[in-house]
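Beneath this line is the structure, given in structure tokens, with notes to follow.
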Amino acid sequence: MSTPKVQRDLARLLSLRDAIALLVGTVIGTGVFFKAAPMSQLLGSPGMVLLAWIAAGVLSLAGALTYAELGAMYPRAGGDYVFLREAYGDFPAFMFGWTNFAVITTTGLAAIATGFASFLSALVPVGAVWAARDIHLLGQNIHWTFGAQQVVAVATIFVFCAMNSARVSTGGATQSLLTLAKFIGIGAIVLGAFFFSHTRSMGNFTPPSPGATAYPGAAATTLTFTAFGAAMIAALWAFQGWSNMTMVSGEIENPQRNVPRGLMYGMLIVLGVYLLTNFAYFYALPFGEVANSNSTAFRNALPVAAKAAQSFLGSAGGKIVSISFLVSVMGSLNGIIIMNSRVPFAMARDGMFFPKLGELNAEQVPARAIWIEGILGSILALSGTFDQITTACVFAVWIFFALTAGAVFVLRRKQPDAPRPYRVLGYPVLPALFVVVALWLLINTLRTNPVESAAGLVLIAIGAPIFLHFRKGRTGDRVARD
């Protein structure tokens, strides 16, 4: 008689400090260096841009508080996948897991690695383009390029996949170090902009007159509810990743206490950093300089952070920002790879995905899940632009944010006596408000970015027949949950 194979479990080696570092280090990545420009183009005034950052931050904090209740109830690997399975059953849970695997994680890795390669080109000559084409789809123009930057983006993803195939505590320690370095770099830019910029002035906050052009080359800017929603979507990319911390709940010490604390403390830190940094941009630069910074509309312009640094460091400012950005991106890549690989791992352990992805290596890490997601992200990094990739990612993830936040109401009804070490503040108003705003953002994104939204919906829909395949092939009892 053969001896049954012993199934390794994840090790709880991440402290509260590691959990906060994972959230902060993952969330603060590319957005704080780029997104002020497209938001300024949409809204036409510094005050409205800052308001959009606040709105996106408060919405994300509301989501984090809602997730805190769920994370404390179910401190297991998988995050949203586990919450949706408990609330709604296998199909919605699988559709999230598939979407996270095929869309959210891959687009996140591709966008961040693409940004990494873009900033590296300011320090090292990696800007060679070997092929380029404009693709017209649904009335919109998508610019595709292939060159040295794409190769660098792919290589960066592979390096961090290799690093995170080691023991999880190694990844946690790396994340803490990168997060500290990230704060030092961003802090230097903010302090320099406030105290040493040659163009600093509170007069920079004066908005253009109503109906006037907000910056050179722009059409007259008229603020609308739709434009504000589109700006919020841009800001929400910068907050993307706060929910990922629950995906590693199975590896956090004392999770009933540390998961809620990590979510709340981490999001408050991120919101404070973003507001301070964007205030510094507008204080140091005229509004037109912010709006004309690197974005889809101005592909060859300097990022707003580089312009702010140049206002007090001259030509060296761009290089300083590039180094800060590279450190920031490394932290985000590290966190995304650590946390998101736990979703296909949890699905495989439930018998709902490829079984090999549910195996751990000798270091108790789901290495196969890490590498498969890294390969898919690398393929996506070979095409698309930063803003187009991030919009598709944000649209996909907010579909499931709305569903997961709704799970709080479902589980309060289905499991009223279940232990809840933490209960969401402001229930039922806060989670209900989060769900309503999430639905509005989705509808608004369908209107303003139809190509990216349609691409996201198609990729999500592909998961339905895959679910039927695994459901049909599933035999016996579900593999014991970790």
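The values are calculated or read from the model by the stated rules, or taken from the named source; none is laboratory data. Predicted model, so just to flag it, every value in this text is computed and none were measured. Virtual Cβ from ideal backbone geometry, glycine too; neighbours counted across all protein chains shown.
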Could you count how many residues in segment 352-373 are among the small types (Gly, Ala, Ser) and surrounded by 22 or more Cβ atoms within 10 Å (Cβ to Cβ)?
-> 2
Return only the number of the condition from (1) modelled with pLDDT under 80; (2) part of a helix (DSSP H, G or I) that residue 230 does not satisfy.
-> (1)
Residue 26 vs. criteria touching a helix residue (DSSP H, G or I) at 6+ places or on another chain (Cβ under 7 Å), more than 30 Å from residue 224 (Cα to Cα) and either crowded, with 24+ Cβ neighbours inside 10 Å or at pLDDT below 90 (or both) = yes
Take the residues in segment 431-458 that are more than 15 Å from residue 405 (Cα to Cα) and among the small types (Gly, Ala, Ser), then tell me which one is farthest from the chain's Cα centre (by Cα).
-> 454
Filtering segment 341-376 for residues that are among the polar types (S, T, N, Q) and under 16 Å from residue 159 (Cα atoms) leaves a count of 1
Residue among 343, 321, 408, 397 that is buried (at least 23 other Cβ atoms within 10 Å of the Cβ), over 27 Å from residue 30 (Cβ atoms) and touching a residue at least 24 places away in the same chain (Cβ under 8 Å) = 408
If we keep only residues of segment 251-285 that are surrounded by fewer than 16 Cβ atoms within 10 Å (Cβ to Cβ) and more than 23 Å from the chain's Cα centre (by Cα), then the residue nearest to residue 47 (Cα to Cα) is 257
Taking segment 113-137 as the search range and keeping residues that are at pLDDT 80 or above and within 17 Å of the chain's Cα centre (by Cα), which one is farthest from residue 459 (Cα to Cα)?
-> 116
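Okay, residues lined up against (1) at pLDDT 80 or above; (2) of a type in the set (Asp, Glu); (3) surrounded by fewer than 18 Cβ atoms within 10 Å (Cβ to Cβ):
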residue	(1), (2), (3)
151	yes, no, yes
171	no, no, no
180	yes, no, yes
192	yes, no, no
198	yes, no, yes
214	no, no, no
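So which residues in segment 297-333 are of a type in the set (S, T, N, Q) and closer than 17 Å to residue 113 by Cα?
In the first step, residues of segment 297-333 are kept if they are of a type in the set (S, T, N, Q); the result is 300, 310-311, 315, 322, 324, 328, 332.
The answer is 322, 324, 328, 332.
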Could you name every one of the helices (runs of 4 or more DSSP H) located completely within segment 349-458 that has at least 2 residues being within 30 Å of residue 224 (Cβ to Cβ) and not charged (D, E, K, R)?
-> 386-414, 429-448
Filtering segment 459-468 down to residues that are in a helix (DSSP H, G or I) and over 21 Å from the mean Cα position of the chain (by Cα), which residue is farthest from residue 396 (Cα to Cα)?
-> 468
